[in-house]
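Below is one structure, written out as structure tokens; the observations come after it.
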Amino acid sequence: MKSREVHLTAYPKGEPTPEHFKLGEADIPEPAEGEVRVVNKWLSVDPYMRGRMSGIRTYIDPFALGAPMEGGAVGQVESSNHEGFAPGDWVMSMNGWREAYVAPGQGLQKLDTTHIAPEDYLGIAGLTGMTAYVGLKRCIDLQAGESVWISAGAGAVGSAAIQFSKAMGAKVVATAGGQDKVEYCRSIGADSAVDYKSTDNLAKAVKQANEGGVDGYFENVGGTHWTAALEVLKPKGRIAACGMIQRYNDAGAQPLPDNLTNIVAKSLHIQGFIVSDHFDMLESFIGDLGAWMAAGKVTPRNTVKEGIENMPSAFMGLFSGENTGKMLVKL
Ligand code: NDP
């Protein structure tokens, strides 16, 4: 069986361009003893992948050049030489950016698709949703009746965070780029929403949207949003530092915001986190998510591109805001 796969050709300095990616092809053998052969159906597209394109180790190794890239993927077993898997089974792996692969069965997660669509295991019912959950529950420790600002509110983590915050009884102000995204944030429960692209004073706009400031800030963007959050947070406010996408394509260092003293003056609590360090919360996440979905409080939303050849453009599209909800590629 042949499988097309995407390789990284060079580590981009600044914004990645199509030249940084190349489509290759590999022969995928029959599965040996203990292995399964999987045909991918859905590929995850995530901002953290930009960090793996930098050529240096952060909390995770960089992608190797000239080899298939990696990422979340959901596929179906095509042939199996492992007693725990049968053809047709849905499985999740980190063998993304490719159409098919052979792998030992023990490294794969079998999926129950009775109540959750296979692709949503890459989004709200997977690490994306878990990220929103950890940020709200553990980092911000959000309580019913409190207020929270969710940045990149129309994105994958952001839209999950809006819905989870509402399910937890909090008041939400969301920010997103463009009127359609602002409307979407409202449609999933945000009490107010601000188009950051059409305001020249983000802090003022968010403060106006939620009189008196916010108790919590869910940081997905960084840069201008970080600076504004230090203004908007109430004394003893809490920040979940989840991501800073506005900075991921910076070629060099940027100056620090000049209002950092607010961290001291307001006794702010800032908690950075990587979702994989918080898997002890998995059971509670699954329990709450199941209950919220059953009650109609949480609805998945995906933006879907088709074909392995569109993985690079889907990835680059994250930085121009092409997605609403989770960005996925369907094969
Ligand atoms: P999203 O679905 O939110 O996609 C990215 C969005 O970011 C875009 O749609 C765009 O929305 C916004 N964006 C892109 N560039 C800029 C910019 N220059 N300024 C402002 N906004 C921008 O991605 P995810 O939900 O997957 O990830 C959201 C954040 O969470 C990222 O920072 C990511 O790195 C982080 N993350 C962290 C994890 C962790 O373990 N800590 C795990 C998973 C994700 P718009 O059109 O509104 O601008």
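The values are calculated or read from the model by the stated rules, or taken from the named source; none is laboratory data. Bear in mind the structure is a predicted one, so any value in this text is a computation, not a measurement. No Cβ is skipped: glycine too gets one built from the backbone with ideal geometry, and neighbour counts run over all protein chains shown. Quick note on the areas: whole protein, heavy atoms, side chains included, nothing else; ligands and nucleic acids left out. Shrake-Rupley method; radii C 1.70, N 1.55, O 1.52, S 1.80 Å.
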- [ ] Kindly list the number of the only condition in (1) at pLDDT 95 or above; (2) in contact with a strand residue (DSSP E or B) (Cβ under 6 Å, 6 or more places away or on another chain) that fails for Ser198.
- [x] (2)
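Being at pLDDT 95 or above, surrounded by 15 or more Cβ atoms within 10 Å (Cβ to Cβ) and away from the ligand (no atom under 16 Å from the Cβ) narrows it down to one residue among Gly105, Gly153; which is it?
Gly105
Table: residues versus (1) modelled with pLDDT under 95; (2) farther than 20 Å from Gly105 by Cβ; (3) within 22 Å of the chain's Cα centre (by Cα); (4) not in a strand (DSSP E or B).
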| site | (1), (2), (3), (4) |
| --- | --- |
| Lys13 | yes, yes, no, yes |
| Leu23 | no, yes, no, no |
| Pro47 | no, yes, yes, yes |
| Glu78 | no, no, no, no |
Open item on the list: One residue is enough: does the range 94-101 have a residue meeting the conditions in contact (Cβ under 8 Å) with a residue 24 or more places away in the chain, surrounded by fewer than 19 Cβ atoms within 10 Å (Cβ to Cβ), more than 10 Å from the ligand (Cβ to nearest atom) and part of a loop (DSSP other than H, G, I, E, B)?
Closed with: yes
TODO: Would you mind stating whether Lys297 is crowded, with 16+ Cβ neighbours inside 10 Å, more than 16 Å from the ligand (Cβ to nearest atom) and not in a helix (DSSP H, G or I)?
DONE: yes
- [ ] Please indicate, with yes or no, whether at least one residue in the range 139-147 is near the ligand (Cβ under 8 Å from one of its atoms) and assigned to a helix (DSSP H, G or I).
- [x] no
Open item on the list: Can you find, within the range 313-328, the residue that is farthest from Trp97 (Cα to Cα) among those that are part of a helix (DSSP H, G or I) and among the small types (Gly, Ala, Ser)?
Closed with: Ser320
TODO: Return the pairs, sorted by first residue and then second, in which the second residue is outside any loop (DSSP other than H, G, I, E, B), the first residue lies in the range 48-61 and is surrounded by fewer than 17 Cβ atoms within 10 Å (Cβ to Cβ), the beta carbons are less than 6 Å apart, and the residues are 6+ apart or on different chains.
DONE: Thr58/Gly51
Open item on the list: Given the criterion open to solvent by 70 Å² or more (accessible area, probe 1.4 Å) and in contact (Cβ under 8 Å) with a residue 60 or more places away in the chain, identify the matching residue among Glu25, Glu15, Glu83, Glu33.
Closed with: Glu15
Task: One residue from Leu122, Leu111 being closer than 26 Å to Gly307 by Cβ and within 16 Å of the ligand (Cβ to nearest atom) - done: Leu122
